[in-house]
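Heads up, the thing below is written out as structure tokens.
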Amino acid sequence: ECPWLYEYVSDSLNWWLEQARPQPEGQEEKHVDLDAVAEGIDALKGLELSEADSALICEATVWILTQQSDDGSWPARWHPEDAKCFYGVIYDTLHPAWVASYALCDRKPNCLGANKWAQFIKPLLDK
């Protein structure tokens, strides 16, 4: 139980989405960190939330989908200050696609054997 952490992740994801929303005419478009949005979705889905029961996750998921390139990849977009660093072609190609793809995965187990995990892991943790 860590309600402050849930609130922090939710607030952070909401802040990034505020940056992603259309800006008033004449204002410069703001930087939005695709990794931060995707990892926020992933963290909240890890707490068993989904697009069906969270408007925040739904909006963030739609935004992630709008960022996908025609070739199926997701672009690495660094803040101008971070762009001065060299992360490497492999990382810049792989990581955005990895976090975006994982953010889109459903986390709620819905198969018949899903409840067996608790039965399997409990004796191991009790050792």
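The values are calculated or read from the model by the stated rules, or taken from the named source; none is laboratory data. None of these values were measured; they are calculated from a predicted model. FYI the Cβ positions are ideal-geometry reconstructions off the backbone, even for glycines, and counts take in every protein chain you see. To get the accessible areas, we keep the full protein, side chains included, count just its heavy atoms, and leave off ligands, DNA and RNA. Shrake-Rupley method; radii C 1.70, N 1.55, O 1.52, S 1.80 Å.
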Legend entry - Ser73 within 20 Å of Leu94 (Cβ to Cβ), in contact (Cβ under 8 Å) with a residue 12 or more places away in the chain and of a type in the set (Ser, Thr, Tyr): yes
Legend entry - Hits in segment 14-47 - residues which are of a type in the set (Asp, Glu) and either closer than 15 Å to Ala103 by Cβ or open to solvent by less than 80 Å² (accessible area, probe 1.4 Å) (or both): Asp33, Asp35, Glu39, Asp42
Legend entry - Pairs, first part of a loop (DSSP other than H, G, I, E, B) in segment 29-44, second crowded, with 18+ Cβ neighbours inside 10 Å and modelled with pLDDT of 90 or more, C-beta under 7 Å, six or more apart: Val32/Trp16; Val32/Ala20; Asp33/Trp16
Legend entry - Residue check, Thr61 within 27 Å of Pro3 (Cβ to Cβ), modelled with pLDDT of 90 or more and of a type in the set (S, T, N, Q): yes
